[in-house]
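Let me give you the structure first, and then I'll get to my questions.
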Amino acid sequence: MNIVDLDGMDWYQTSDKDGNAVEGGAVMWRDGSDAVDGYSNIGTSYTMDLGDGVSMTYNQNTPESMTETVLNEGDWETQRELVYDKNGNITGSQNKQPVETEGNCFYQAGQMVSNSGATSLGGGNDINTTDGQIDYMNEQIGNGNSVRVQVDYNGNGDGDHWVATSSRTTNLQTQTSTYNFYDPGTVWSDEGTHHTNTFNVNNGAISGPTHYNNKTYTVTAVRKNQ
Amino acid sequence: MTKLQYCFLLLISVSCLGLIKPNTEVETKSLFEQYLIAFKGQSFPFKMDRKAVFGMMNNADSLFEIKDSLKIFIPEELKNSYPNSKFRSLYVLPEYNNIIVVLILQDFINEYNMRVVKNHLVSYNKSGVVLDYQELAGVTIDAWEAYLEINSNYIIKRNLYQRRINVEKEEMKYARLIETCFEYTISTVGLIEETKKTIREGYFEGDWTGYKFVKPIKESSN
């Protein structure tokens, strides 16, 4: 049954004594937007956790998208460390030492792949065609694995940074997918895991913004897992 | 040379000096006009949100760099603050009580080897004499960000967000920040005066436009 909200049908969640929705509380979709005893109106859309990293987002009672998550916030890794002034105020960040490992985006993206349970391979295992990259990311996310992705951030066509895929969201109406990624290039987890860190497939290329510096990344290679 | 010839030559020289005596006001005004040409006209209301601030940083190299001969119009304190600074022309704002107001961009590497990009509002009289200036929008990645908004009454708002370490595990999806909101007005003599300042610390959610307050800091995490 697909129903448009002409008559005000909404999602409701059990509420506390102050009328606030209880996180993790029972959820229902029901006719009308009127107050319901013991429940709080949480709006027209709702994301339902189906377990195993899979969630479904509904607009009213229509399933609109499905998200498969392979990295959680605790899996994020960074190549940066904070820099302070003499008064202890934060002045920015710098690459960790040693730069060959801890301070290296390739290394930290590989660590994130490991956190998903897979092992990213060494050199000579890159996929360079867009179709091949999409197929491989789909295959690995389907298996619950993150993959290491090389990107160009200055538009010169060369891969100059590495990130790790964190989830795939499939639009169930169009059957198109977008891919979120975790970025080790910032010192802050809220930026490195920001929900807008997203690759889209457009005109034969995979690209998208990273939130911490607002640059657009274009995928140049996807590194295979073991 | 006879005395008569000498006096004649002296008279001609003095006369000529009088004729070619530079009119500094005219020259300065002309230079000031040249300086203003590189600024893009901007009407009100005017806003530089997060996206615009990062756009300013990422595209700084494509903006017009103020050439040495026109740097006389940059406030001395700014020029001396970081000698490696590049100054670029951004916007000329609507004239206010015969006061010319511009936004200039300063781009430099600070003593901690961090790139700092910030803009300054500078007020001038009609001859190009600096009346006042004030830092407004800018960013140093992973440290601070500031946004700007000016309404049609020339009320200038600056929101500054400074990072603090987030120690609450369950709040990791948020940014722990000190938010300082400033409000300025420009006086009739061109001074940029702070009229309001509020500070709060808490957890904020970031998007492309900026940061939105989510909740205050728990007492125990202070």
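Other chains near B:197-206: what is the mean number of their Cβ atoms within 10 Å of each residue's Cβ?
Details: counts 0, 0, 0, 0, 0, 0, 1, 1, 3, 7.
Counting other chains' Cβ atoms within 10 Å and averaging over B:197-206 gives 1.
Once you have the alpha carbon radius of gyration of the stretch B:92-165, what is it after dividing by 2.2 N^0.38 Å, with N set to its residue count?
1.27
Further question on the same structure: Per residue of the protein assembly as shown, what 222 nm ellipticity follows from adding -39500 (n - 2.57) for every DSSP H run with n ≥ 4, rounded to the nearest 500?
Details: 7 runs with 75 residues, N = 448.
Value at 222 nm, helices only, nearest 500: -5000 deg cm²/dmol.
Would you list B:61, A:18, B:142 from fewest to most Cβ contacts within 10 Å?
Numbers: B:61 9, A:18 6, B:142 25.
Listing B:61, A:18, B:142 from fewest to most nearby Cβ atoms yields A:18, B:61, B:142.
Would you work out the relative contact order for the stretch B:97-182, in percent, from Cα pairs under 8 angstrom that are 6 or more residues apart? Intermediate values should be presented prior to the final figure.
Details: 154 pairs, mean separation 15.3, N = 86.
Here the relative contact order equals 18 percent.
Stick to the Cα atoms of the stretch A:40-105, pair each with every other, and give me the Kirkwood hydrodynamic radius in Å at one decimal. Kindly include the intermediate steps, with their values, before the conclusion.
Details: mean 1/r = 0.0636 Å⁻¹.
Averaging 1/r across every pair of different Cα atoms and inverting gives 15.7 Å.
Nearest 10 degrees is fine. How inclined is helix A:130-142 to the longest principal axis of chain A, computing both from alpha carbons?
Taking the Cα atoms of chain A, the angle to A:130-142 is about 60 degrees.
Continuing with this model, one more query. In the structure displayed, which of B:47/B:197; B:51/B:196; B:40/B:196 lie more than 27 Å apart, Cα to Cα? The partial results should precede the final answer.
Details: B:47/B:197 19 Å; B:51/B:196 25 Å; B:40/B:196 29 Å.
Going by Cα-Cα distance, B:40/B:196 fall outside the 27 Å limit.
Order of A:130, B:195, A:78 from fewest to most other C-beta atoms within 10 Å?
Working: A:130 15, B:195 10, A:78 25.
Exposure proxy ranking, most exposed first: B:195, A:130, A:78.
In addition: On average, how much area does the Cα convex hull of the stretch B:44-186 cover when viewed from any direction, in nm²?
On the way: hull surface 38.5 nm².
Approximately 9.6 nm², given one-decimal rounding.
Stokes-Einstein diffusion coefficient for the stretch B:142-222 at 25 °C in a medium of 0.890 mPa s, Rh from the Kirkwood formula over Cα pairs: what value in µm²/s?
Values: Rh = 14.0 Å.
Estimated diffusion coefficient is 175 µm²/s.
Report, please, the projected area of the protein assembly as shown averaged over directions, based on the convex hull of its C-alpha atoms, in nm². Present the calculation step by step, with values, prior to reporting the outcome.
On the way: hull surface 132.8 nm².
Answer in nm², one decimal: 33.2.
Across the stretch A:124-192, what fraction of all alpha-carbon pairs, as a whole percent, falls in each successive 5 Å bin from zero upward?
Going from the shortest bin to the longest, the percentages are 3, 14, 22, 26, 19, 12, 4, 0.
Sorted from largest to smallest, which semi-axis lengths in Å does the alpha carbon gyration tensor of the stretch A:5-65 give for its equivalent ellipsoid, taking the root of 5 times each eigenvalue? Walk me through the numbers on the way to the answer.
Details: eigenvalues 78, 54, 8 Å².
Whole-Å semi-axes of the equivalent ellipsoid: 20, 16, 6.
Please list the radius of gyration and Dmax for chain A, considering alpha-carbon atoms only, with Å as the unit.
Values for chain A (Cα only, Rg and Dmax): 20.5, 63 Å.
Hey, which of these cross-link pairs are over 31 Å Cα-Cα: A:96/B:86; B:67/B:126; B:86/B:169; B:79/B:173; B:157/B:215? Mind dumping the intermediate values first?
Numbers: A:96/B:86 29 Å; B:67/B:126 21 Å; B:86/B:169 40 Å; B:79/B:173 39 Å; B:157/B:215 22 Å.
Listed pairs above 31 Å: B:86/B:169; B:79/B:173.
Take the alpha-carbon centre of the stretch B:177-222, take the same for the stretch A:46-125, and report the distance between them in whole Å.
For the stretch B:177-222 versus the stretch A:46-125, the Cα centre distance is 29 Å.
Please state the charge dipole magnitude for the stretch A:73-223, taken about the Cα centre, from unit charges on C-beta atoms (+1 on K and R, -1 on D and E), reported in debye and rounded to the nearest 20. Before the final figure, lay out each step's value.
Values: 7 positive and 17 negative charges, 21 e Å.
Once rounded to the nearest 20, the dipole reads 100 debye.
Let me ask something additional. For residue A:149, what is the net charge nearby, where nearby means another residue's Cβ is under 13 Å from its Cβ and Lys, Arg count +1, Asp, Glu -1?
Charge balance near residue A:149 sits at 0.
What is the diffusion coefficient of the stretch A:1-115 in µm²/s, taking the Kirkwood radius over Cα pairs and the Stokes-Einstein relation at 20 °C with a viscosity of 1.002 mPa s? Intermediate results must be reported in sequence, preceding the final value.
Numbers: Rh = 18.0 Å.
Reported coefficient: 119 µm²/s.
Follow-up question, since we're still on this one. Among A:90, A:141, which comes first, then next, by fewest other beta-carbon atoms within 10 Å? Kindly include the intermediate steps, with their values, before the conclusion.
Numbers: A:90 19, A:141 22.
Starting with the residue having the fewest Cβ neighbours, the order is A:90, A:141.
By how many degrees, 0 to 90 and rounded to 10, does the Cα axis of helix B:24-37 deviate from the longest principal axis of chain B?
With rounding to tens, the tilt is 40 degrees.
A short reminder: the numbers here are calculations on the coordinates, not readings from a lab. Model, not experiment: these values are computed from the prediction. Glycine gets a Cβ as well: all are built from the backbone with ideal geometry, and neighbour counts include every protein chain shown.
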